[in-house]
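The values are calculated or read from the model by the stated rules, or taken from the named source; none is laboratory data. For clarity, every value in this text was computed on a predicted model and none was experimentally measured. We place every Cβ from the backbone using ideal geometry, glycine too, and count neighbours over all the protein chains shown.
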Amino acid sequence: MGSVKAAGNGVNSVSYSEVSAGPANNNISQKSLDAAAGRPASSWWLSAALMFFSGIAWVVSIPLLMVALGGSLQPHLGWMCGICTALALFSVLVQVEQWIAACGVFLVSFGSASQALAWQPMLFAGLATWMALLNVRRQVCRPSPWLLELQYQKYAGYHMRSELHGALETVREGKSFFACHPHGILSVGWISNVVWGRQFHKSVGRCFYLIDPTLRNKGLLAKFFLDAFEGPHGGLRDTSSETIQSLMQQGESLCMVPGAYQEATRFSYGKERVALLQRMGFVKYCLRHGYRLHPVYTFGEAETYLTLNGFDEFRLWLNSKGIPTVAFWGLPWCPLLPRRDLELLTFVGPPLELPKVAQPSPEQVEEWHGKYVQALQELFDKHKAQAGKPDAVLEIF
């Protein structure tokens, strides 16, 4: 992959020397990568450890709850049927209030385990209930500036280069909406260069980063990282209509990945894909409150993981129920960690200045959505050569 020249304040606080990276470099040794990037190997291992534990928090919370619930059912149904039943129950419980879901988990798990006359099902029932009850809590830990500083440094140090570029001079504090693409598998570029990107925080100021309600409110382990993120720079919130409306009424800047799980399901290694044609809600909100709308694109996200594809329609249906279904792997020795022999280069585009329309018509929403799609395409085409992908094609579906 080619490299981007550092340009003024458009470069993230952690920037590495120009190094060729790409699929052909899969067999480059870790030692060679560290030497080429000008960093000690021990520094990367710290980055990998932080990336691993945060990835565990994002990925394992929901499956762990389903395993615990399935374990409480397995004396009567067996492990396979128990897990399938837990999955079915979870698809229902994830749609209701937290306290109702916690009561449901308690009744189902202990109701089954109490009839088994064995300690293992009771242990699983206790774990499932404990996780469900903690999810009821609005906050599970206090903000941690120390952890935020560590994440600033280590997320940016994981890949060969992790940088922020683009029209940062056009960014203004307040009433700005940053729509980031692509989602990829675990939104590694968004995490490294935006949410935990020092330069993005400095450029944007106070901003709230929006993620799926299931992850934000019902992924217990992830909530520890998310609650610790809170501070003067903003925080992480869910993408519910109530949350977005409340924040926009206060004039707060917002940032999200519109493609969400659907985009992750369509992910294919090396293909630049975004799910956008039917994603008009964020444009409607921006019109209602007269926001500036910035397109943001990360090159390199499409090479972070390899995936197993197939059964797309079924997986998209599960996604609509709040259950992400993607089989992926990154490093051969640790599939959860993304591939590191690449450059994550994030470009911020100039804003669209949307008028304030209290009740925008479908035609107005469609008009401005079309302008946004065009702006994203222009941002992609303008910077793809700089990112080492002059022949790349952006697939918008």
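Here are a few things to note about the model shown:
- Residue within the range 288-296 that is closer than 18 Å to Lys271 by Cβ and not polar (S, T, N, Q) present: no
- Flag for Val59 being within 22 Å of Phe314 (Cα to Cα), in contact with a Lys or Arg (Cβ under 8 Å, 6 or more places away or on another chain) and in contact (Cβ under 8 Å) with a residue 12 or more places away in the chain: no
- Residue identified as at pLDDT 85 or above, of a type in the set (Ser, Thr, Tyr), under 21 Å from the mean Cα position of the chain (by Cα) and on the phi > 0 side of the Ramachandran plot among Ser187, Ser192, Ser176, Ser162: Ser187
- Residue match in the range 131-154 (condition: crowded, with 21+ Cβ neighbours inside 10 Å and more than 19 Å from Ala228 (Cβ to Cβ)): yes
- Residues that are more than 19 Å from the chain's Cα centre (by Cα) and polar (S, T, N, Q) were ranked within the range 53-85; the one that is farthest from Leu226 (Cα to Cα) is Gln74.
- Tyr269 surrounded by fewer than 21 Cβ atoms within 10 Å (Cβ to Cβ), in contact with a strand residue (DSSP E or B) (Cβ under 7 Å, 6 or more places away or on another chain), under 26 Å from Gly166 (Cα atoms) and among the hydroxyl-bearing types (Ser, Thr, Tyr): yes
- Sole exception among (1) more than 25 Å from Ser176 (Cα to Cα); (2) among the aliphatic types (A, V, I, L, M); (3) crowded, with 18+ Cβ neighbours inside 10 Å; (4) in contact with a Gly (Cβ under 9 Å, 6 or more places away or on another chain) for Leu220, by number: (4)
- Pair list, Cβ < 8 Å and 6+ apart or interchain, from the range 340-356 residues that are without any contact (Cβ under 8 Å) to a residue 12 or more places away in the chain to residues that are surrounded by fewer than 23 Cβ atoms within 10 Å (Cβ to Cβ): none
- Tally of residues being of a type in the set (Lys, Arg) and within 30 Å of Arg161 (Cα to Cα) across the range 287-346: 3
Yes/no per residue for (1) assigned to a loop (DSSP other than H, G, I, E, B); (2) closer than 21 Å to Leu306 by Cα; (3) at pLDDT below 80; (4) in the same structural domain as Trp190 (by TED's automatic domain parsing):
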position	(1), (2), (3), (4)
Ser3	yes, no, yes, no
Ser15	yes, no, yes, no
Ile28	yes, yes, yes, no
Leu33	no, yes, yes, no
Ala36	no, no, yes, no
Ser54	no, yes, no, no
Ala68	no, no, no, no
Gln74	no, no, no, no
Leu107	no, no, no, no
